[in-house]
Amino acid sequence: MSEASPIHHAALGDRIAGAVLALLALGAWWHSHTFVTGFMQPVGPGVFPRLVSVPLGVLSLYLIARPGINQRWPEKAALVRQLGMLLLLGCYAVVLEPLGFVPATLVATVLLMRLFGARWRQALPYGALLGLSLYLLFEFALGIPLPDTPGWSG
């Protein structure tokens with residue numbers, strides 16, 4: 001019995017990634033309907049996840065239907081990093097509302113940076129800067145309300 005070719009592994013990897021991303025897109029679309037829109041608010045907090053989930057779903061279906069020919073399967077360390085990223089983003093989605101946008105995003109960005117090799121001295125300030133920038137962008141520039149931090153009146 002012969003071993004599967006690298007091309008077969010690459011196609012399988014793209015299809016697995018496409019299936020995971022399709023589930024993520026469906027989950028984001030479904031969960032976006034649970035966000036409450038304020039009175040007389042034209043754009044609610046569910047708009048952004050829906051805007052992201054549509055192209056994500058289309059691209060994931062493309063990966064499933066027409067996988068690329070990448071000639072190599074990711075190394076074990078890269079697969080562990082990718083799994084860690086998916087786990088971290090799933091946890092972020094769970095804690096976003098209970099903790100609020102600012103602390104959940106700070107922790108998630110710092111841990112993502114650490115996951116991809118940044119030192120704590122790099123990850124902490126840049127994670128805080130990214131979290132604050134995202135907060136200002138969504139809350140003020142785009143007018144999309146974000147989950148409040150409990151006990152923080154802003």
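Computed values, structure above
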quantity: Spread of Cα-to-Cα distances over 10 Å intervals beginning at zero, given as percent, for region 43-113; calculated: 16, 33, 37, 14, 1
quantity: Whole-percent pair-distance distribution, where bins are 10 Å wide, for the alpha carbons of region 76-141; calculated: 22, 48, 27, 3, 0
quantity: At R0 = 22 Å, FRET efficiency that the Cβ-Cβ distance of Gln82 and Tyr62 yields, to 0.05; calculated: 0.70
quantity: Estimated vicinal HN-Hα couplings, Hz - region 123-134 in sequence order (Karplus 6.51, -1.76, 1.60; Gly, Pro = x); calculated: 5, 5, x, 6, x, 5, 5, 5, x, 5, 4, 5
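No value in this document is a laboratory result; all are computed from the given coordinates. Since the structure is predicted, the reported quantities are computational estimates derived from the model, not experimental observations. For neighbour counting, all protein chains shown are included, and Cβ atoms are generated from backbone atoms with ideal geometry for every residue, glycine included.
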